[in-house]
Amino acid sequence: MSNSRNAPANREDFHHWTKLKVRWGDTDALGHVNNANYFSYMEVGRLSYMSDLGHFRLLQDKKTGPVLAHIECDFRQEIKYPSSLQIGTRVTELRTRSYVMQHGIFMDTQESSIADGSSVIVWIDYALKKALPLPDTIRADMKIFDRL
């Protein structure tokens, strides 16, 4: 059987960072962070990225905006309470109506990710439930910030 798993993400892959602390409630009966929380940590990174680039200003009309269309995660190491984490986030691909983000979850002292994944975000018209072209300002911001 072949192993198609990607190599872990490295710190130098990212230049947007979000820090967070693991909460006791994030853990399960076995004492480690429940797998669903890894996706929540990636969400915190995505939203922080959007906020730091000023993209929430485009959501004020609440008629168009981003929707998570796909997400995946490779779990490489367990996380226990208490832990301090750093979430690396970057855009790796700009498409006509969507973009792809990479996420890396790191312990404070580790160079390789303890979990990493990717997500596809689609820009939609909320009333029509239809994909729209990615706004030019968002596309330009991401090209500059992530050097695409």
The stretch 71-125: number of residues that are among the aliphatic types (A, V, I, L, M) and either more than 11 Å from the chain's Cα centre (by Cα) or exposed (fewer than 15 other Cβ atoms within 10 Å of the Cβ) (or both):
8
Taking the stretch 45-70 and the residues there that are under 12 Å from the mean Cα position of the chain (by Cα) and either among the acidic types (Asp, Glu) or surrounded by fewer than 17 Cβ atoms within 10 Å (Cβ to Cβ) (or both), the one that is farthest from ILE138 (Cα to Cα) would be HIS70
If we keep only residues of the stretch 44-55 that are assigned to a helix (DSSP H, G or I) and of a type in the set (A, V, I, L, M), then the residue nearest to SER112 (Cα to Cα) is VAL44
Say we look at the stretch 56-80 and pick out the residues that are in a loop (DSSP other than H, G, I, E, B) and among the basic types (Lys, Arg); which of these is nearest to ARG11 (Cα to Cα)?
ARG76
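Would you check if ALA29 is over 13 Å from HIS103 (Cβ atoms), over 13 Å from the mean Cα position of the chain (by Cα) and part of a helix (DSSP H, G or I)?
Spelling it out, it is not the case that ALA29 is over 13 Å from HIS103 (Cβ atoms), over 13 Å from the mean Cα position of the chain (by Cα) and part of a helix (DSSP H, G or I).
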Show the residue pairs that are 6+ apart or on different chains and have beta-carbon atoms under 8 Å apart, the first residue being within the stretch 42-62 and in contact (Cβ under 8 Å) with a residue 24 or more places away in the chain, the second being surrounded by 15 or more Cβ atoms within 10 Å (Cβ to Cβ) and assigned to a loop (DSSP other than H, G, I, E, B).
GLY45/HIS16; SER48/HIS16; TYR49/HIS16; ASP52/HIS16
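Readers should treat all values here as calculations from the given coordinates under stated rules, not as data from a laboratory. If you're wondering where the values come from, they're calculated on a predicted model, not measured in any experiment. For neighbour counting, all protein chains shown are included, and Cβ atoms are generated from backbone atoms with ideal geometry for every residue, glycine included.
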